[in-house]
1. For the chain, what does the helix formula give at 222 nm: sum of -39500 (n - 2.57) over DSSP H segments with n ≥ 4, over the residue count, nearest 500 deg cm²/dmol?
2. Based on other C-beta atoms within 10 Å, arrange 216, 240, 384, 98 from fewest to most.
3. For the stretch 366-414, which semi-axes, largest first and in whole Å, follow from the square roots of 5 times the eigenvalues of its Cα gyration tensor?
4. Taking the Cα-to-Cβ direction at residue 61 and at residue 75 and moving 7 Å from each Cα, how far apart do the two end points lie in nm?
5. Using the per-residue mean of other Cβ atoms lying within 10 Å as a proxy for protection, in what order, highest first, do the peptides 310-316, 389-395, 438-444 fall?
6. FRET efficiency for residue 182 and residue 291, Cβ-Cβ distance as r, R0 = 35 Å, nearest 0.05?
7. Only residues of the stretch 290-309 count here: report those whose backbone N is under 12 Å from the spot 7 Å along Cα→Cβ of residue 340, or say none.
8. Mind checking the full-extension length gain between residue 144 and residue 480? Use 0.36 nm per residue of separation minus the Cα-Cα distance, one decimal, nm.
Ligand code: SAH
Ligand code: F3S
């Protein structure tokens with residue numbers, strides 16, 4: 001997906017750093033993969049604004065092309081490789097154009113990238129973006145430019161992101177980097193390094209800046225937000241050896257959530273992603289206590305079979321996950337819940353697959369992100385387990401999972417028909433110029449006739465109809481809640 005770049009001046013945001021006068025070079029940056037990558041690209045754009053780079057949407061006029069890459073599945077990597085071929089065609093017309101690869105593929109392939117893809121001038125891992133000015137100089141001087149060093153404490157907490165391609169209403173704020181979980185299928189701990197948390201003060205500062213600039217919703221981002229832990233900086237794993245003082249004053253996720261909710265009571269707060277093993281009841285109570293924290297949890301389960309969960313090194317059983325769902329429903333009866341699921345993990349039997357379907361039946365998720373298992377080089381699963389489920393079987397199981405999810409999504413959206421829900425207007429509906437599009441707190445998309453309302457308004461919408469993904473209604477006035 002290509003990022004749409006908002007005219008920075010129109011946005012009028014002090015978060016936007018003015019390019020150096022008379023030295024305006026053009027940066028074309030695009031991102032693939034998770035929300036964290038999109039958020040990281042905003043950090044990169046900010047660092048390069050200091051170097052005299054202005055963003056452009058036109059590939060042909062770029063002096064520097066950066067692609068922020070994803071390694072999560074083989075398909076994601078293939079997409080980037082195809083994109084590099086397209087850059088190559090443009091480089092033939094504009095030979096001075098430099099190309100840099102950022103993100104997880106950069107980290108995974110390191111300098112091999114320079115050999116494999118001749119078009120690439122620069123390879124920069126997720127913790128090395130502050131080194132971009134030096135790396136650009138290396139490129140200018142005709143040297144190889146590679147920095148894939150992973151950091152113990154880099155959180156970019158001191159960089160104010162340049163907001164790219166947003167709607168001016170919703171924004172991402174990263175709160176942790178890296179992941180310590182080592183799920184056996186997952187490449188993220190290798191590409192993004194060990195888990196570290198960002199200083200709560202810099203998080204609040206960023207949220208306050210966003211509010212001042214008219215933003216109405218923030219999503220706190222991390223691979224595993226519930227394991228957020230600030231004790232003065234450094235890796236989460238080193239907390240064990242922290243001083244008594246550091247331990248006593250540490251900030252946990254529920255506390256951070258509360259700080260953010262209190263700092264901006266007129267803003268909606270969301271967060272992603274929650275890992276079932278780390279989600280605690282106090283987070284749910286904090287959600288219940290503040291009505292500006294949206295009742296929505298993305299709670300990936302990956303499989304409904306305890307045996308497969310164990311093979312995946314997920315730290316919970318099927319039953320524990322179901323208990324957590326019960327607790328969520330008890331504390332937050334109207335909470336939206338979504339999933340990630342993997343079909344065809346090594347050794348998955350038909351019975352394991354049925355366990356996944358029956359777990360889905362139990363939860364009836366609002367929506368989900370469903371994938372076929374893709375073996376990633378270097379992961380524990382790749383080293384220890386044979387990728388033994390035939391492609392056809394993986395495909396069939398995935399399709400069954402998708403079909404069931406569609407049924408449940410339709411069931412969930414139907415529950416809203418006849419009800420009036422609060423919607424934050426984000427943008428024009430893709431399907432109709434006469435309609436606005438936004439989301440309710442449960443994260444379901446709502447469309448309704450525009451009337452005199454504007455993006456950024458909190459509106460009460462009476463739901464008259466639905467599809468399996470969208471609620472359709474009409475506005476009945478402004479929300480008194482936010
Ligand atoms: N905690 C992370 C998870 C990142 S990966 C987060 O913030 O969402 C996102 C999802 O991709 C995972 O939950 C998993 O369902 C899927 N995934 C990861 N590795 C995969 C692999 N090797 N094959 C298929 N799907 C995978
Ligand atoms: Fe990956 Fe598991 Fe972390 S899915 S990002 S290792 S929680």
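No value in this document is a laboratory result; all are computed from the given coordinates. Everything numeric in this text was worked out from a predicted model, so none of it was measured. Here Cβ is always computed from backbone atoms with ideal geometry, including for glycine, and neighbour counts include all displayed protein chains.
1. -10000 deg cm²/dmol
2. The fewest-first ordering by Cβ neighbours comes to 240, 384, 98, 216.
3. Ellipsoid half-lengths, sorted descending, are 29, 13, 6 Å.
4. Modelled inter-label distance: 3.5 nm.
5. Listed from highest to lowest mean packing, they are 438-444, 310-316, 389-395.
6. 0.45
7. 298-303
8. 115.2 nm
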